[in-house]
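J.: My questions all concern the structure below.
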2 protein chains.
Amino acid sequence: MNFLEERIMKDGVVKPGNVLKVDSFLNHQMDIELLDEIGKEFHRRFKGADITKVLTIEASGIAIAYPVAKEFGVPLVFAKKSKSINIDGDMYVADVESFTHKNKNQVIVSKKFLNSDDRILIVDDFLANGCALQGLISIAESAGAKIEGLGIAIEKGFQIGGRVIRNLNYRLESLAIVDGMNAETGEITFRKQD
Amino acid sequence: MNFLEERIMKDGVVKPGNVLKVDSFLNHQMDIELLDEIGKEFHRRFKGADITKVLTIEASGIAIAYPVAKEFGVPLVFAKKSKSINIDGDMYVADVESFTHKNKNQVIVSKKFLNSDDRILIVDDFLANGCALQGLISIAESAGAKIEGLGIAIEKGFQIGGRVIRNLNYRLESLAIVDGMNAETGEITFRKQD
C-alpha cells in the first residue's frame, strides 16, 4: 500500500451506498502534509512532461492542485462551476451532465489563462463517473492545449469515469483506486498497481 | 508598498463599478510563489497566537489558506456554501445574507472539525461587505472556538466589511487595503498601514 491508501485505511469511513468519506483529511478538513506528499508524488510521475499549467476544478481540487503546481513551479488554474447560461465570450465553457444528479452544469475557464502553447496536467481529488474531469478535458481541448496527463487522488474503480478516460487514451494516474467497499465491515479493497 | 500591493499595481485591473480584477494571479489563475509569500506574511503576523486551525471558505479562499496552514503546521478547514436548507445536525450552519445579490446563502462546516479547544485563524482572499467572513465568524463562535484573528489578502476599504469586523473588536489584518480606484486612469489608492 502507498501512503494515500494507508491513510484511507486509517481515516476513511465507508458509508452505505458506496460512499467513502475522506472529509477528515482530504476534502473538508485538509491535512497539508499529506497534500504536500500528493504533490510530490504527482511531480515524480509526470515530471518528464514539461508541464506549463496545472488545471483543476473548484473547490476541493484546489487543495490538490496547489502542491502539484508548486512542485512544477507553474501557475494553478481552477475552473468554476456555474449554473448560469449567460457567459461572455471570454470564457471556455463545457456543458457537463451529472450522472448522479441528472442535472446540467457548466464548467468555465477564462480564455486568458489557457492557450495552445500550454501543456496541462489536470488534477482532482476524486474520480467516480468523471463528469467534472470530462468538462476539464473539453476545456483544455477547446484551448488547443496539450493534455499531458490527469492525476487523481482517489478513483472509484467500480464507477465508469476512469475507464472512459483511459479508453480515450489519456494518461490517467490515480494514487488510490478503490475497487470495492463494504459498509458493514468497513473493508476497502484497493486495485493493485505497479 | 508591500509585495502584494506591488503585484496589484502591476497586474490588477480596475473595471467600472469599483471592480478590481486580480484573476491573473489570485483567484482564477494562481501564482503559487505569491501565495506562499502571503502564507509566510500571515504566519509572521499571527505566530504569537498558537493557532490550531486555519478556517476559510470555498473556493478561492482555499488557495490562501493552504500556505497559511502549512506555515503553522495545522489543518485547513474550509466552509462550504450551500443554498439547500436540509442540513443534518452534524453541521454548524450560518445564514448569510448577501448585500450585493440580496439573496441568502448558508455557510456550513462539519461539527467534527471545529471545537471549543480550537484557536482559529480565519483567512480569505477578499473582504468587501464581509458577508462570507461574518458567516465564518458565526460558525467559529458556534463551535466555541477562539478566533485569534482574521487575515485577508485584499480589503476594499471603501466598503463596510472591514469596519464592521474591527468594530466587533476582532483582530483583522489585511495585506492590502484599497481605499479608492479609478477605472478611467487605472489608478489604485492603498491605505497606508504600519
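The values are calculated or read from the model by the stated rules, or taken from the named source; none is laboratory data. Because the structure is a prediction, the values reported are computed rather than measured. Cβ coordinates were reconstructed from backbone atoms using ideal geometry, including for glycine residues, and neighbour counts include every protein chain displayed.
J.: Which of the residues that make up the range A:106-115 are outside any strand (DSSP E or B) and of a type outside the set (F, W, Y)?
T.: A:K111, A:K112, A:L114, A:N115
J.: Of everything in the range A:102-135, what is aliphatic (A, V, I, L, M), within 14 Å of another protein chain (Cβ to nearest Cβ) and closer than 23 Å to A:D50 by Cβ? Give them in sequence order.
T.: Selection gives A:V109, A:L114, A:I120, A:L121, A:V123.
J.: Continuing with this model, one more query. Residue check: is B:V14 of a type outside the set (S, T, Y), surrounded by fewer than 22 Cβ atoms within 10 Å (Cβ to Cβ) and either out of contact with any helix residue (DSSP H, G or I) (no Cβ under 6 Å at 6 or more places or on another chain) or within 14 Å of chain A (Cβ to nearest Cβ) (or both)?
T.: yes
J.: Another question about this same structure. When only residues in the range A:20-49 that are of a type in the set (A, V, I, L, M) and more than 14 Å from every other protein chain (Cβ to nearest Cβ) count, which is surrounded by the most Cβ atoms within 10 Å (Cβ to Cβ)?
T.: Residue satisfying both the conditions and the ranking: A:L20.
J.: Moving to a separate point now. Across the range B:56-86, what is the total count of residues that are under 18 Å from B:I108 (Cβ atoms), buried (at least 22 other Cβ atoms within 10 Å of the Cβ), more than 8 Å from every other protein chain (Cβ to nearest Cβ) and of a type in the set (A, V, I, L, M)?
T.: Count: 3.
J.: So is B:D90 modelled with pLDDT under 95 and within 14 Å of chain A (Cβ to nearest Cβ) or not?
T.: Against the criterion (modelled with pLDDT under 95 and within 14 Å of chain A (Cβ to nearest Cβ)), B:D90 qualifies.
J.: Count, please, the residues in the range A:98-140 that happen to be more than 18 Å from A:I165 (Cα to Cα) and aromatic (F, W, Y).
T.: 1
J.: Taking the condition within 27 Å of A:L20 (Cβ to Cβ), free of Cβ contacts under 8 Å to residues at least 60 places away in the same chain and not hydrophobic (A, V, I, L, M, F, W, C), does A:N115 pass?
T.: no
J.: Could you grab me the full set of residues in the range A:161-188 that are touching a Gly at 6+ places or on another chain (Cβ under 7 Å) and of a type in the set (V, I, T)?
T.: Within the range A:161-188, A:V164, A:I165, A:I177, A:V178, A:I188 meet the criteria.
J.: Right, something else. Within the range B:62-78, is even one residue at pLDDT below 95 and in contact with a helix residue (DSSP H, G or I) (Cβ under 9 Å, 6 or more places away or on another chain)?
T.: So far as the range B:62-78 goes, no, none of its residues is at pLDDT below 95 and in contact with a helix residue (DSSP H, G or I) (Cβ under 9 Å, 6 or more places away or on another chain).
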